[in-house]
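The values are calculated or read from the model by the stated rules, or taken from the named source; none is laboratory data. Computed from a predicted structure; not experimentally measured. Glycine gets a Cβ as well: all are built from the backbone with ideal geometry, and neighbour counts include every protein chain shown.
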Amino acid sequence: MLKSVIQEETTGCGIASVANILGKSYAEMKRIANAMDIHASDTSLWSDTQYVRRMLASEGVKSADSEIPFESWHALPDLALLSIKHHQEDGKNFWHWVVFKRVGDQAVVLDSASYLPSNIRTDFEEMQPKWYIEVKDTLR
């Protein structure tokens, strides 16, 4: 059964998304992130893509070097970090991280937001991704 990690901090979507990809709990991933000097409270984490890449790489998982503009759900790779809920504050871009996962012909989004009725989402028309990072090699 597919499960989604719920972020335990208001700003912990990147940590939770990486935990979802790696099959770890939020607490496990938070310990790994904190040991790398990555903290959910760091405002630069909210608008920089290098943090999630570093967390993935620390566990032996490769991700694409650049962000790819979102075109369609069908065009996404089987595993990707997606940026949704884009907005700007003081001229700086911010977003919410989620994980797109395709298993066979079933596509889902693992969304770590604690306020959702279900964290395994298929309401694709409600989400408006701006770009994604392909997750290339996983150990699982």
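Identify the residue in the range 84-140 that is among the hydroxyl-bearing types (S, T, Y) and over 12 Å from the mean Cα position of the chain (by Cα) and, among all such residues, is nearest to E71 (Cα to Cα).
T122
So which residues in the range 32-65 are part of a loop (DSSP other than H, G, I, E, B), modelled with pLDDT of 90 or more, surrounded by 13 or more Cβ atoms within 10 Å (Cβ to Cβ) and not hydrophobic (A, V, I, L, M, F, W, C), if there are any at all?
The answer is E59, and nothing else.
To keep it simple, each residue is scored yes or no on (1) among the β-branched types (V, I, T); (2) touching an Asp or Glu at 6+ places or on another chain (Cβ under 7 Å); (3) under 24 Å from E8 (Cα atoms).
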residue: D78; (1), (2), (3): no, no, no
residue: L81; (1), (2), (3): no, no, yes
residue: K92; (1), (2), (3): no, no, no
residue: D105; (1), (2), (3): no, no, no
residue: L116; (1), (2), (3): no, no, yes
residue: M127; (1), (2), (3): no, no, yes
residue: W131; (1), (2), (3): no, yes, no
residue: V135; (1), (2), (3): yes, no, yes
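Keeping to the range 9-31, report how many residues are part of a loop (DSSP other than H, G, I, E, B) and free of Cβ contacts under 8 Å to residues at least 40 places away in the same chain.
Applying the first criterion (part of a loop (DSSP other than H, G, I, E, B)) to the range 9-31 yields 9-12, 23-25.
Going one step further and asking which of them are free of Cβ contacts under 8 Å to residues at least 40 places away in the same chain, we end up with 9-11, 24-25.
Adding up the residues that qualify gives 5.
So in the range 3-31, with the set limited to residues that are among the hydroxyl-bearing types (S, T, Y) and crowded, with 18+ Cβ neighbours inside 10 Å, which one is nearest to N119 (Cα to Cα)?
S4
Please work out which residue is nearest to L110 (Cα to Cα), limiting yourself to the range 80-98 and to residues that are buried (at least 23 other Cβ atoms within 10 Å of the Cβ) and touching a residue at least 60 places away in the same chain (Cβ under 8 Å).
Applying the filter and picking the extreme gives V98.
Is there a residue being of a type in the set (A, V, I, L, M), farther than 17 Å from K136 by Cα and modelled with pLDDT of 95 or more anywhere in the range 21-28?
Keep residues of the range 21-28 that are of a type in the set (A, V, I, L, M), which gives 21-22, 27.
Subset that is farther than 17 Å from K136 by Cα: 27.
Checking the rest, the ones that are also modelled with pLDDT of 95 or more come to 27.
Yes, that holds for at least one residue.
Take the residues in the range 98-116 that are out of contact with any strand residue (DSSP E or B) (no Cβ under 6 Å at 6 or more places or on another chain) and in a strand (DSSP E or B); name whichever of them is modelled with the lowest pLDDT.
Here the answer is V103.
Go through (1) among the β-branched types (V, I, T); (2) modelled with pLDDT of 95 or more; (3) closer than 21 Å to G12 by Cα and name the single condition I68 misses.
All conditions are met except number (3).
Hey, any hits in the range 117-139 for a residue that's closer than 17 Å to Y51 by Cβ, at pLDDT 90 or above, not aromatic (F, W, Y) and not in a strand (DSSP E or B)?
Scanning the range 117-139 turns up no residue that is closer than 17 Å to Y51 by Cβ, at pLDDT 90 or above, not aromatic (F, W, Y) and not in a strand (DSSP E or B).
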